[in-house]
Each structure stands twice: as C-alpha cells, then as structure tokens.
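Asker: Below is the structure I would like to discuss, written out as structure tokens.
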Amino acid sequence: MGLTSLEGTIKENANNCTNAHFMLIEGMSKLLTRKVKRCESLDFHVSGLKWKFVIRSDVVKDYISFFLDITDEKCTGSNWQVNCSVKLRVVSQTGPPDICKVFVMCFDEKHPSWGKDIFITDKVLEEKYLLNDKAVFSAEITNAKPNFLKDTSISRTMGTAESLKLMDVARKNSRFTWKITRFSSFDGVTHSSYEFTLGPRRWKLEMYPKGDKDGEGHLSFYLTATDYVPNLPKGPTLAVYKLRLLDQLKRNHKEPEYQALFAPGAYSWGCSKYIPLTELRSTSNGYLVNDQIYLSVEFLIVSTTEYL
C-alpha cells in the first residue's frame, strides 16, 4: 500500500527524530463530534520500554485531551517507577507553530498514565491543525530513568509513525442478524453465530442464554473480532456499533451503543448483563416470540491502523 504525501512526510519526520512516535488520524471530525470518544496509538518503544498515547474527546467539553501511557510488561507490581521528560505535540500541517507542551512525569503503579485534560480546543484544532479531516499528534520521551534498571544510559530510539483511519460504515453493509430458534432449549454455555466480514476483520456474535459468570440471570451478548481480511492492515480495530435485540411485535428494539478496541486475535466486547431473562421472556416486550429471538449488530464506524 503506497504512502500519501502526508504519510510520507510523517514517516520522514519520524526517521529524523529519536525517542518519538507520530500518529496520523484520518477522520478527526469523528472525535470532534464525539462519535468517537478515544483513539489509542499502536505500541511503540523508547528507552527499552513500551508506551502508547491516547487522544480523547470525552474528558472536558470542547477540548481534546492527550495522555501518555506506559504499558511495558516490566512495569508491574508496586515497586516500579519511571521518571522522564515528555513533549506532547499537535503537529502543524499548514504553517502555524506546533502546539507543544512539555512535562516532567513520574510513572508508577498508581500513575501509569499522565497527560493533559485540556490540551487543545476543538475550535483551534479545527481551524489551524486539521487538513482534509486529518490531524497529526506526536509524543517524544527523553531522559527516561526506570528505577528497576541499573544501567539507564539506553541509546536513543529511532522514531516511529502510524496511520489510523476512522471510516463510516455504509448503512447497506452495516448489519448482521442472527436468528435463534428454540431458544429455551439452549444450555448455559456460550453459543456463536456464523462468521461474517466487515471492514478489516471477520466477526461473530456470541451469547450466553443464561448469562456468563458475571451475568447470571441475564442474557450475555458480545461482539467478537477474529481473523483479518487478507491484504488489509492487521493492527487493533476500533469499532463503534450497536448490539441489537429485535422487538418482533412493535419494532421497539433494544440497541445500546458501544465503542471498543479489538486487539489482534479473538477479542470480545459487549455486556454480561445485556438484558434480564425475565424481561427477555416478557410477552409484552416482543423479544421472544414462538421461542425465537433475533440478535443483531449494526456497525457505525470501524478503523484500520498500520505502522508507516
């Protein structure tokens, strides 16, 4: 897959930087309108440790928030600590100076994430740093000093970059429905639909007709991502979707909305207490008719992510 001119520029910037990671978000308006609440970068490595950063739109009204997380497996338990200097940036594409904020941070068990709730206003981002619905963020980490390493003179790390694309799902392709007959005959273990393909992944619906371990007395209902579509990026997949239980009488469907990040490999998100079984079986609700139910998913937004 060839790089666009912007992606090429970002990759070049990353190659010329050290201890930094860049993330291009295509579809930034979905965060500004709160259709998407958070975007996480891919993992990157600086000073022998693993990190990621998170861009959020749901912390302070009319602001974009920017956080850096340490995710390294060595940072477990209660005695670890990492002190470092961090530079968080919104990278200019059109001429204004970068928005740049510098912090001295101390990460530990109680504080594995640091950043700024009020990083940049929606208005400033949209007017000065958004081009063709694309925005670029970066984090640079220097002077990292883990207390669990004797030698902290770790060589500088080559900069890295990624592209995250947030895509609306066309309505005609957005739904999959699973018809379940003889519902009362199902035992309490999990049951799955056929797999189907949407965006970069293959998916299936899963349900526990008598609830999983945390949802006893409820129908537990999940969306599971499995394999990737060949020749498409194989990073984590962000999805905004509705898990729907169809009302067969009045079309007053139960359809809560979820946003979840599906990591590589089989990964499930949903609700262990989706609906109480008493409510499911109530004839006035129209969910269970002639001992059959319809479970459905409707996708609103999906993403692809790849290193540049």
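The values are calculated or read from the model by the stated rules, or taken from the named source; none is laboratory data. The structure displayed is predicted, hence computed values, not measured ones. Reconstructed Cβ throughout: ideal geometry from the backbone, glycine too, with neighbour counts over all protein chains shown. Remember, those area values only see protein heavy atoms, side chains included, never the ligands or the DNA or RNA. Shrake-Rupley method; radii C 1.70, N 1.55, O 1.52, S 1.80 Å.
Asker: Report whether or not Y241 is out of contact with any Lys or Arg (no Cβ under 6 Å at 6 or more places or on another chain) and either free of Cβ contacts under 8 Å to residues at least 12 places away in the same chain or farther than 30 Å from E12 by Cα (or both).
Answerer: Taking the combined requirement at face value, the residue satisfies it.
Asker: Condition first: among the polar types (S, T, N, Q) and at positive phi. Now tell me which residues in segment 11-61 satisfy that. Step through it out loud before you land on a result.
Answerer: From segment 11-61, those among the polar types (S, T, N, Q) are 13, 15-16, 18-19, 29, 33, 41, 47, 57; that's our starting set.
Once the filter is applied, which keeps residues that are among the polar types (S, T, N, Q) and at positive phi, segment 11-61 yields N19, S47.
Asker: Mind telling me which of the residues L42, L24 ends up being assigned to a loop (DSSP other than H, G, I, E, B), touching a strand residue (DSSP E or B) at 6+ places or on another chain (Cβ under 9 Å) and under 19 Å from E162 (Cα atoms)? I'd like the intermediate steps shown before the answer.
Answerer: Numbers: L24 fails: assigned to a loop (DSSP other than H, G, I, E, B).
Within the list L42, L24, the selection yields L42.
Asker: From the set of residues in segment 110-130 that are free of Cβ contacts under 8 Å to residues at least 60 places away in the same chain and assigned to a loop (DSSP other than H, G, I, E, B), which is most open to solvent (accessible area, probe 1.4 Å)?
Answerer: At the first step, the residues of segment 110-130 found to be free of Cβ contacts under 8 Å to residues at least 60 places away in the same chain are 110-114, 116-121, 124, 127-129.
Applying the additional criterion that residues be assigned to a loop (DSSP other than H, G, I, E, B) yields 110, 112.
Numbers: K110: 172, P112: 56 Å².
So the residue we want is K110.
Asker: On the given criteria, is E12 over 16 Å from the mean Cα position of the chain (by Cα) and part of a loop (DSSP other than H, G, I, E, B)?
Answerer: Working: over 16 Å from the mean Cα position of the chain (by Cα): yes; part of a loop (DSSP other than H, G, I, E, B): no.
Judged against the criteria, E12 is not a match.
Asker: Sticking with this structure for a sec: Report whether or not R34 is part of a strand (DSSP E or B) and among the charged types (D, E, K, R).
Answerer: So R34 does not fit the description; no.
Asker: Show the residue pairs meeting these rules: Cβ distance below 6 Å; 6+ apart or different chains; first residue within segment 176-188 and open to solvent by 80 Å² or more (accessible area, probe 1.4 Å); second residue at pLDDT 90 or above.
Answerer: Sorted first by the residue in segment 176-188, then by its partner, the pairs are K179/Y294; R182/D291; S184/D291.
Asker: If I ask for residues that are crowded, with 18+ Cβ neighbours inside 10 Å, within 16 Å of K50 (Cα to Cα) and under 24 Å from the mean Cα position of the chain (by Cα), which ones from segment 73-100 would you list?
Answerer: The answer is C75, V86.
Asker: Looking at (1) touching a residue at least 24 places away in the same chain (Cβ under 8 Å); (2) open to solvent by 30 Å² or more (accessible area, probe 1.4 Å); (3) more than 19 Å from V136 (Cα to Cα), which is the only condition L49 fails?
Answerer: Only one criterion in (1) touching a residue at least 24 places away in the same chain (Cβ under 8 Å); (2) open to solvent by 30 Å² or more (accessible area, probe 1.4 Å); (3) more than 19 Å from V136 (Cα to Cα) is unmet by L49, namely (2).
Asker: Can you pull out the residues in segment 173-201 that are in contact with a Leu (Cβ under 7 Å, 6 or more places away or on another chain), more than 28 Å from K234 (Cβ to Cβ) and not β-branched (V, I, T)?
Answerer: Listed by number, the list holds a single entry, F183.
Asker: Here's a follow-up. Applying the selection to segment 52-72, what residues are more than 16 Å from L261 (Cβ to Cβ), open to solvent by less than 50 Å² (accessible area, probe 1.4 Å) and among the hydrophobic types (A, V, I, L, M, F, W, C)?
Answerer: Filtering segment 52-72 down to residues more than 16 Å from L261 (Cβ to Cβ) leaves 59-66, 68, 70, 72.
In the following step, the residues that additionally are open to solvent by less than 50 Å² (accessible area, probe 1.4 Å) were identified as 60, 64-66, 68, 70, 72.
Once the filter is applied, which keeps residues that are more than 16 Å from L261 (Cβ to Cβ), open to solvent by less than 50 Å² (accessible area, probe 1.4 Å) and among the hydrophobic types (A, V, I, L, M, F, W, C), segment 52-72 yields V60, I64, F66, L68, I70.
Asker: Any idea how many residues of segment 33-54 are more than 17 Å from S85 (Cβ to Cβ), of a type in the set (A, V, I, L, M) and out of contact with any helix residue (DSSP H, G or I) (no Cβ under 7 Å at 6 or more places or on another chain)?
Answerer: 2
Asker: Right, something else. Being charged (D, E, K, R), in a loop (DSSP other than H, G, I, E, B) and without any contact (Cβ under 8 Å) to a residue 24 or more places away in the chain is the filter here; which residues of segment 249-308 pass it? Lay out the reasoning, then the answer.
Answerer: Within segment 249-308, the subset charged (D, E, K, R) is 250-251, 254-255, 257, 273, 279, 281, 291, 298, 306.
If we keep only those that are in a loop (DSSP other than H, G, I, E, B) as well, we get 250-251, 255, 291.
Matches in segment 249-308: R251 only.
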